[in-house]
């Protein structure tokens, strides 16, 4: 997508707004969101269908950036590289706004999967990465995938725990324990 399209410009402004508001865009009405983005609510509807459609598109855009890093690790990296990337993306406090928005959109997707299909389909990226790395290290596909699923969804659960309790350090320690016990 060209950075010059109106849709891309709105998504760029949305990324900045997400950081400014600490990941909290869910409290904005469509009109207030449009006001913050310097556009009209009709333009948001035209490009995204709704406020939640905008949030889903914003998270999909951010996930595309994440996926570029995943592809690089998949091509040449190791488990250790992938685990560092996982920690950096999910547990770094600087990523808090993006992570909060991620889980908000995930909650919306649980309620209306078809409206968030693109976002939901993107959730396989981490599992695919760790499955690929497991197979590269000699694990059969089923074992590599099972271990990858356990790691990825445990990490996401621990991120929620860290966010909701304020105990990010403890969540990171727990994740490292899980990683050790899964044999990574």
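Give 71, 31, 98 a once-over and let me know the one that is touching a helix residue (DSSP H, G or I) at 6+ places or on another chain (Cβ under 9 Å), without any contact (Cβ under 8 Å) to a residue 24 or more places away in the chain and either closer than 25 Å to residue 154 by Cα or surrounded by 19 or more Cβ atoms within 10 Å (Cβ to Cβ) (or both).
Values: 31 fails: either closer than 25 Å to residue 154 by Cα or surrounded by 19 or more Cβ atoms within 10 Å (Cβ to Cβ) (or both); 98 fails: without any contact (Cβ under 8 Å) to a residue 24 or more places away in the chain.
When all the criteria are applied, what remains is 71.
Among the numbered criteria (1) loosely packed, with under 13 Cβ neighbours inside 10 Å; (2) closer than 30 Å to residue 179 by Cα; (3) without any contact (Cβ under 8 Å) to a residue 60 or more places away in the chain, which single criterion is violated by residue 42?
(2)
Could you identify the single residue in 49, 12 that is under 22 Å from residue 112 (Cβ atoms) and either under 16 Å from the mean Cα position of the chain (by Cα) or surrounded by 13 or more Cβ atoms within 10 Å (Cβ to Cβ) (or both)?
Working: 12 fails: under 22 Å from residue 112 (Cβ atoms).
Going through 49, 12 in turn, the sole match is 49.
Only one of these conditions is not met by residue 91: (1) closer than 20 Å to residue 61 by Cβ; (2) surrounded by 15 or more Cβ atoms within 10 Å (Cβ to Cβ); (3) touching a residue at least 60 places away in the same chain (Cβ under 8 Å). Which number is it?
Residue 91 satisfies every listed condition except (1).
Does residue 105 satisfy the criteria of being touching a helix residue (DSSP H, G or I) at 6+ places or on another chain (Cβ under 7 Å), at pLDDT 85 or above and either assigned to a helix (DSSP H, G or I) or closer than 28 Å to residue 155 by Cα (or both)?
On the way: touching a helix residue (DSSP H, G or I) at 6+ places or on another chain (Cβ under 7 Å): yes; at pLDDT 85 or above: yes; either assigned to a helix (DSSP H, G or I) or closer than 28 Å to residue 155 by Cα (or both): yes.
It is true that residue 105 is touching a helix residue (DSSP H, G or I) at 6+ places or on another chain (Cβ under 7 Å), at pLDDT 85 or above and either assigned to a helix (DSSP H, G or I) or closer than 28 Å to residue 155 by Cα (or both).
Tell me yes or no: at least one residue of the range 101-108 is closer than 24 Å to residue 27 by Cα, surrounded by fewer than 20 Cβ atoms within 10 Å (Cβ to Cβ) and more than 11 Å from the chain's Cα centre (by Cα). Spell out how you get there, then give the answer.
Step one: list which residues in the range 101-108 are closer than 24 Å to residue 27 by Cα, which gives 101-108.
Among the residues that remain, those that are also surrounded by fewer than 20 Cβ atoms within 10 Å (Cβ to Cβ) are: 103-104, 106-108.
If we keep only those that are more than 11 Å from the chain's Cα centre (by Cα) too, we end up with 107-108.
There is at least one residue in the range 101-108 that is closer than 24 Å to residue 27 by Cα, surrounded by fewer than 20 Cβ atoms within 10 Å (Cβ to Cβ) and more than 11 Å from the chain's Cα centre (by Cα).
To keep it simple, each residue is scored yes or no on (1) under 21 Å from the mean Cα position of the chain (by Cα); (2) surrounded by 15 or more Cβ atoms within 10 Å (Cβ to Cβ); (3) in a loop (DSSP other than H, G, I, E, B).
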{"site": "138", "(1), (2), (3)": "no, no, yes"}
{"site": "149", "(1), (2), (3)": "yes, yes, no"}
{"site": "153", "(1), (2), (3)": "yes, no, no"}
{"site": "164", "(1), (2), (3)": "yes, no, no"}
{"site": "171", "(1), (2), (3)": "yes, yes, no"}
{"site": "175", "(1), (2), (3)": "yes, yes, no"}
{"site": "179", "(1), (2), (3)": "yes, yes, no"}
{"site": "183", "(1), (2), (3)": "no, no, yes"}
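Which one of these is within 30 Å of residue 148 (Cβ to Cβ), modelled with pLDDT under 95 and assigned to a helix (DSSP H, G or I): 69, 8?
On the way: 8 fails: within 30 Å of residue 148 (Cβ to Cβ).
Within the list 69, 8, the selection yields 69.
Mind telling me which of the residues 18, 62, 86, 55 ends up being more than 21 Å from residue 116 (Cβ to Cβ), under 15 Å from the mean Cα position of the chain (by Cα) and buried (at least 16 other Cβ atoms within 10 Å of the Cβ)?
86
The values are calculated or read from the model by the stated rules, or taken from the named source; none is laboratory data. Predicted model only: the values in this text are computed from it and were never measured. Every residue, glycine as well, gets a Cβ built from its backbone with ideal geometry; the counts of neighbours run over all protein chains shown.
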